[in-house]
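Every number in this text was worked out from the coordinates using simple rules, so none of it is lab data. Keep in mind it's a predicted model, so treat the numbers as computed, not measured. Every residue, glycine among them, receives a Cβ derived from its backbone with ideal geometry; neighbour counts consider all protein chains shown.
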Amino acid sequence: MRVLIAPDKFAGTLTAVQAAEAIATGWRRHAPGDELDLAPMADGGPGFVDVLHAALGGSLAAVTVRGPHGEQVPAAVLHVGETAYVESAQAAGLHLLSGAASESPETASSWGVGELVLAAVSAGARKVVVGLGGSGTTDGGAGALGALGATSDGVLDGGPAGLASVTSVELSAARERLSGVRLVAASDVDNPLTGLFGAAKTFGPQKGIAEDRIADVDALLEGFATATDRRTSLEKGAGAAGGIGYALLALGATREPGIELVAAAVSLADRAKAADLVVTGEGAFDFSSRAGKVPYGVAGVAGEALRPCIALAGKVLVGAREMRALGIESAYALVDLVGEERAMRDSADALAELAQRAARTWSR
């Protein structure tokens, strides 16, 4: 039996590569004769550059950029010919927020993402693909714009709190600096910048913004959009990565679903056709997975190839009906098998056990 293993990362515990290897380890315990094809995936969030490097080759250039609160953080630019790939989470990721009282999520800046784009362009890239997802910022991409040369009468590098002083933004210098470069925003969500489904309302709480501050932060983003480019703030993907998507779109970027971009890079459709079963997974499998997440994207490719798809996850938070709507035949949860504590502590071993259990049902 041929099994295609195409998981996302298990946030906070396993990279996509580690997750794929753990699933393969467990599957082989029950079905050592099965032919396993490992295709680690990403949707634009953490792991985007590593997954593409494994699939496309190219060269990684190490750079140092500004983190959300001004600290220097390591990052990498993947160069494949004249195309460069960068990952916003490396410069502005949720994992970079310390939680210190002096480092409020309302002062977290995306400045380092602009520095990553500049590093790619300075090295000769004519196309820069920016993976969006997993950010700890909600500044509408103001910091990234500032790093790229945008100017304002207010503070662009102070997180959403700094936007209170912004009444006008000039993008001409940033656009000039990127002249002749094609920008692509690889987004895992299609939310607008502001409003009920905007960056603050939808993603602010997970970044530490207090519930009673969400409306105020949304209003700050609304004012920033009015000062910069109101129409673009309504576009799909503008709310990605706390609004870094908006900054890129305002500079003329095109938007591509991150999962589709990665699927094409790893030739997922052809590999699914060659398989008998597709296995995907992520940390939390819930109905939000439909919004551009890896399991939904992988299941869609499996469906087009007329192959069944199952999911292994840390938690499964959907019922059978919702699961079918996402294109998943069956889903298995780590916490149901080993409990939450061990699922977090021994993630690789626990995931291998879960894969072994799934193989008992699905392997011929």
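Data table
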quantity: Loop sites in the stretch 1-77: trypsin sites (Lys or Arg not before Pro), DSSP, at most 13 other Cβ within 10 Å; calculated: none
quantity: Among A6, P160, Y85 - extreme Cα towards positive end, dipole of the chain, charges at beta-carbon; calculated: A6
quantity: Long-range HN-HN contacts of L38 with modeled amide H, under 5 Å; calculated: I5
quantity: Residue of G67, G57, G327 that the Gaussian network model of the chain assigns the largest fluctuation, springs spanning Cα pairs under 10 Å; calculated: G57
quantity: Rounded to 10°, Cα long-axis angle of helix 214-228 versus longest principal axis of the chain; calculated: 60 degrees
quantity: Where chymotrypsin sites (Phe, Trp or Tyr not before Pro) fall in DSSP loop in the stretch 164-265, at most 16 other Cβ within 10 Å; calculated: F197
quantity: Cβ-based exposure ranking for M41, M344, in which fewest neighbours within 10 Å come first; calculated: M344, M41
quantity: Sequence of E329, E304 once ranked by neighbouring C-beta atoms within 10 Å, starting from the fewest; calculated: E304, E329
quantity: Vicinal HN-Hα couplings computed from phi for the stretch 189-197 (Karplus, 6.51 cos²θ - 1.76 cosθ + 1.60; Hz; Gly/Pro x); calculated: 9, 10, 5, x, 6, 10, x, 4, 10
quantity: Peptides ranked, highest mean first, by Cβ atoms within 10 Å: ranges 84-90, 121-127; calculated: 84-90, 121-127
quantity: Amide hydrogen neighbours beyond the local backbone of G314, cut-off 5 Å, H modeled; calculated: E282, G283, A284, F285, L334
quantity: Choice from D153, D229, D276 with maximal GNM fluctuation in the chain (Cα, 10 Å cutoff); calculated: D153
quantity: Relative contact order (%) - the stretch 48-259, alpha-carbon pairs under 8 angstrom, separation at least six; calculated: 20 percent
quantity: Residue-averaged [θ]222 nm for the chain, counting only DSSP H segments that reach four residues, each worth -39500 (n - 2.57); calculated: -10500 deg cm²/dmol
quantity: Whole-Hz couplings from phi, Karplus 6.51/-1.76/1.60, listed for the stretch 61-71; x for Gly and Pro; calculated: 10, 7, 9, 10, 10, 7, x, x, 10, x, 6
quantity: Karplus (6.51, -1.76, 1.60) ³J(HN,Hα), θ = phi - 60°, over the stretch 231-244, in Hz, Gly and Pro reported as x; calculated: 4, 5, 5, 8, 6, 4, x, 5, x, 5, 6, x, x, 4
quantity: Nonlocal amide H pairs with E256, under 5 Å, H built at 1.01 Å; calculated: A185, A186, S187
quantity: Partners for K293 among aspartates and glutamates (Cα-Cα distance below 18 Å; same-chain residues under 8 apart left out); calculated: D8, D43, D50, E87, D188, D190, E256, E260, E282, E304, E322, E329
